[in-house]
Every structure is written in structure tokens, then in C-alpha cells.
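Read the figures in this text as sums done on the coordinates, not as results from a lab. Here the structure is a predicted model, which is why all the values come from computation and not from measurement. No Cβ is skipped: glycine too gets one built from the backbone with ideal geometry, and neighbour counts run over all protein chains shown.
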Amino acid sequence: MGRVTERRRVIRIRDGAVSTRPDTLVAEEPLEIRLGGKPLAITMRTPGDDFALAAGFLVSEGVLASAAELANIVYCAGATGEGGSNSYNVVDVRLADGVPVPDISLERNVYTTSSCGLCGKASLDAVRTTARWPLDTSPDTPVRIEPATLSTLPDRLRAAQRVFERTGGLHAAALFTTDGELLDIREDVGRHNAVDKIVGRALQQGQLPLSSCVLMVSGRASFELVQKAVMAGIPVLAAVSAPSSLAVDLAVETGLTLVGFLRGTSMNVYAGEHRLALSAAASTD
């Protein structure tokens, strides 16, 4: 349970010299998420924070919005590996009494990989209509962040990635205040899983919506990551790499501030520029 890394023998070649050595790899195992005993999704993830991952996944799906709506999450006793021991790769989520259980059909029963998230569900309307906390799109919104503060977040994210330093094979998601204070960070082989773990922990601690936070992610900003930020009430999403076209469309539709290619003092703002404390009008060149 909770194996984050594993050791493997590798052949190392450096400048023509060949040697053997142990290498530390990030662990990747499947996690089946059940809702009320019924299979809902399977995701490839790094073991650890599995209950938070499941809770965050259900926030992004519009099923959960507060800790009061969650009865409990348990590992299924039937999840057995070799030798009859529990593999801890199946979790079952039980909703609180009175919370409606969504219809789980083949359309909603999804397999998610560590790279793409919910590849089969890319609907702007679905996110817009199910979001519990519509983002404030007014230019007078109190959430403001300095570009200089944004520029510090990638280094702060990287410095807090403990497992990445050992493996070089993990994505990360982190929550910051608008002053750049690190609130939480999670690592996972899948960037969407890292975000789910962040959001799930916030739900468990009664902190949703995260309406005064900035979400920083390694890698690119996909539609799924924008979706997860919107569903958690996060107004600002920043990524070190590029967004997809659909991610930008969703950010514009929902009023999310979306920043990509955040590297040093350089960044591209794709939507929601009213939350950035810009000193001069943007050029149209």
C-alpha cells in the first residue's frame, strides 16, 4: 500500500562507459473508483492519497461539493493481489444520506490514463451547467495576482517536489495564495490525478470552494485540468507549458484566468487577464 517508488536495475552509458546500477522509478498502478459499490472509473496513478484522489475526481464530475455530502471512502476488501493480500487498488465512495447518486452508465463509466484524463468527455456546456461555484467574471473581482508573483511559482513548485527529485518522472499540482504562499502540493504520474488529490484534500477539510487560490501545474494545461479548476471554484490556473484550444475555450466561457508557458518572467495569458495586476495595456502586435 502506498508504494510511491520502486527500484529497478538499469544499464547506464555515459561517454562510452557502461555500468549497471539501481534506479528509482515512480510507481504506477491502476485505481478503480466505485460509487456506491458500482464501478465508475479506472485511472492509472501513483499510489498514495487515494481517498483524496477519488473525492477530487467526484468534485470534478459534479457529484460532490462539500465534505457533508461524503459519507465515507473505503478500500474494497475484495481487491486482492497475489497471495490473497489486499492490493489497495479499489476504493468505494459512499455518499451521505439524501445526496443523489448519478446514473452510472457506459457513457459515464470511463477509463482514464495517466496522461489524458477524461478524454471522452469534452463538453463546455456540461462544465458550465454543473459548476457549483460560477467564477466571478467581473473586472472588480477581489482576486488579483501580480505577474511577478506568478513568475516565482514554478520554482517553488519544483522545490517542493520531493519524489520528483528521486525519480524525475512525476507531475505535480500545487495550491498557492495570491501572495505566492504554498498551501498544498501533490505529486502523481498523472497531472490530472495530482489535481484531484489537491481538490479532494480540500473537500475533506471543508475548504471548497478554493475561490482565493491559484492552481499551479507541471506540464500542459488540458481541458480536463481547466475543468477541475472550475469545478473546485479555483479562479486562476497556471501551467509551465501550453494549453489546448479547448482548455482556452473553457477558460473564456467560465471566466477562469489561464496562464501558460510560465517560465521565469515570461508567460502567456490566454483568458481572465482582469485578475492580473498589469501595469500597462496589452499590445496587439
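Taking θ as phi - 60° and the Karplus parameters 6.51, -1.76 and 1.60, the scalar couplings of segment 181-194 work out to 7, 6, 9, 6, 9, 9, 10, 6, 5, x, 5, 5, 5, 4 Hz in sequence order, x denoting glycine and proline. Where q = 0.14 Å⁻¹, what log10 of I(q)/I(0) comes from the Debye formula for segment 150-242, counting one point per Cα? Taken in order of the listed q values, log10 I(q)/I(0) reads -0.42. When 265, 152, 43 are sorted by how many other C-beta atoms sit within 10 angstrom of their C-beta, beginning with the fewest, the order is 265, 152, 43.
Residue 239: net charge of surrounding residues, Cβ under 15 Å, Lys/Arg +1, Asp/Glu -1, itself excluded? Display every interim value, and only then the final one.
Numbers: positive: 156, 158, 191, 220, 228, 263; negative: 155, 224.
Result for the local shell: +4.
Here the Karplus curve 6.51 cos²θ - 1.76 cosθ + 1.60, taken at θ = phi - 60°, turns the phi angles of segment 253-265 into couplings of 4, 9, x, 6, 7, 10, 10, x, 6, 7, 9, x, 8 Hz, with x standing for Gly and Pro.
Give me the extension gain from residue 273 to residue 246: residue separation times 0.36 nm, minus the current Cα-Cα distance, reported in nm with one decimal. Walk me through the intermediate numbers first.
Numbers: separation 27, 0.36 × 27 = 9.72 nm, distance 1.78 nm.
Result for the pair: 7.9 nm of gain on full extension.
Under 5 Å between amide hydrogens, built in the peptide plane, is the criterion, and for residue 221 it picks out 241, 242, 244 among residues at least 5 positions away or on other chains. In order along segment 225-241, the phi-based Karplus estimate (6.51 cos²θ - 1.76 cosθ + 1.60, θ = phi - 60°) of 3J(HN,Hα) comes to 6, 4, 4, 5, 5, 4, 5, 8, x, 7, x, 10, 10, 10, 9, 7, 10 Hz; Gly and Pro are listed as x.
From most to least packed by mean Cβ count within 10 Å, the peptides 226-234, 33-41 give 226-234, 33-41.
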